[in-house]
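Structure record follows, encoded as structure tokens.
The values are calculated or read from the model by the stated rules, or taken from the named source; none is laboratory data. As the structure is a prediction and not an experimental result, all values here were calculated from the model. A quick note on method: Cβ atoms are made from the backbone with ideal geometry, for glycine too, and the neighbour counts reach across all protein chains shown. Surface areas here come from the heavy atoms of the whole protein model, side chains and all, with no ligands, DNA or RNA. Shrake-Rupley method; radii C 1.70, N 1.55, O 1.52, S 1.80 Å.
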Amino acid sequence: MLKDKLQKYKLILASGSPRRQQFFKDLDLDFEIRLKEIEEIFPPELKAEEITNYLAELKASAFEGELQSNEILITSDTIVWHKNKALGKPKDALDAFEILKSLSNATHEVITSVCFKTNTTVEVFYEVTQVTFNELSDEAIQYYIENYKPFDKAGSYGIQEWIGFVGVSKIEGSYANVMGMPTDKVYEYLSKLA
């Protein structure tokens, strides 16, 4: 399938996220992981997808001048956008509690941007998914934080975990996007490339 068509290319995933790495395995693509530490700081005037576009490109720019002509670098960034504010990864359990409390009984957006970089081009796209939570009791939030420790997740939750099963009442858009990668769009982009 796509793997065969991409044989002349080398895919590089610049992500430490186990979920994103699993997506690439599940898409049956050969890839290697290359990581660089970058400070994920964005200009304060940026809003919604401007933030994720900026950060996905920032992550890719760390590899400037290092890519071979057959290499395609893939970086991405996900935020939860709620009440005109970007919710990233929580600082601690209290922060996670406050974030989940704010998402309770409300609809928020999950925005993921993906950047494809070669030694000559840079292309970025983004996907937005609307997620609606039921009312979450303090006990449910506490239980989730204690048992699932969602400190590496934007918006303090993983939709594929317990809280997604019991708390999410509605989702409009890509489910995979909420987990951190709009896989259908990524697959489509790579198919065009091949």
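Tabulated data
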| read-out | value |
| --- | --- |
| Subset of region 111-155 [touching a helix residue (DSSP H, G or I) at 6+ places or on another chain (Cβ under 6 Å) and assigned to a loop (DSSP other than H, G, I, E, B)] | Asn134, Leu136, Pro150 |
| Criterion violated by Ile74 - all others in (1) more than 21 Å from Lys185 (Cβ to Cβ); (2) open to solvent by less than 80 Å² (accessible area, probe 1.4 Å) satisfied | (1) |
| Qualifying residue in region 84-94 (condition: in a strand (DSSP E or B), of a type in the set (A, V, I, L, M, F, W, C) and in contact with a strand residue (DSSP E or B) (Cβ under 6 Å, 6 or more places away or on another chain)) | yes |
| Of all residues making up region 144-153, the number that are surrounded by 15 or more Cβ atoms within 10 Å (Cβ to Cβ) and of a type in the set (Phe, Trp, Tyr) | 2 |
| Within region 20-57, tally of residues that are open to solvent by 50 Å² or more (accessible area, probe 1.4 Å) and assigned to a helix (DSSP H, G or I) | 7 |
| Only one of Leu103, Leu87 that is within 26 Å of Asp184 (Cβ to Cβ), buried (at least 16 other Cβ atoms within 10 Å of the Cβ) and at pLDDT below 95 | Leu87 |
| Every pair of residues 6+ apart whose Cβ atoms lie under 9 Å, when the first sits in region 80-97 and is within 26 Å of Pro43 (Cβ to Cβ) while the second is acidic (Asp, Glu) and assigned to a loop (DSSP other than H, G, I, E, B) | Gly88/Glu40; Lys89/Asp152 |
| Out of Val80, Val128, Val168, Val114, sole residue that is surrounded by fewer than 21 Cβ atoms within 10 Å (Cβ to Cβ), in contact with an Asp or Glu (Cβ under 9 Å, 6 or more places away or on another chain), modelled with pLDDT of 95 or more and within 30 Å of Leu13 (Cα to Cα) | Val128 |
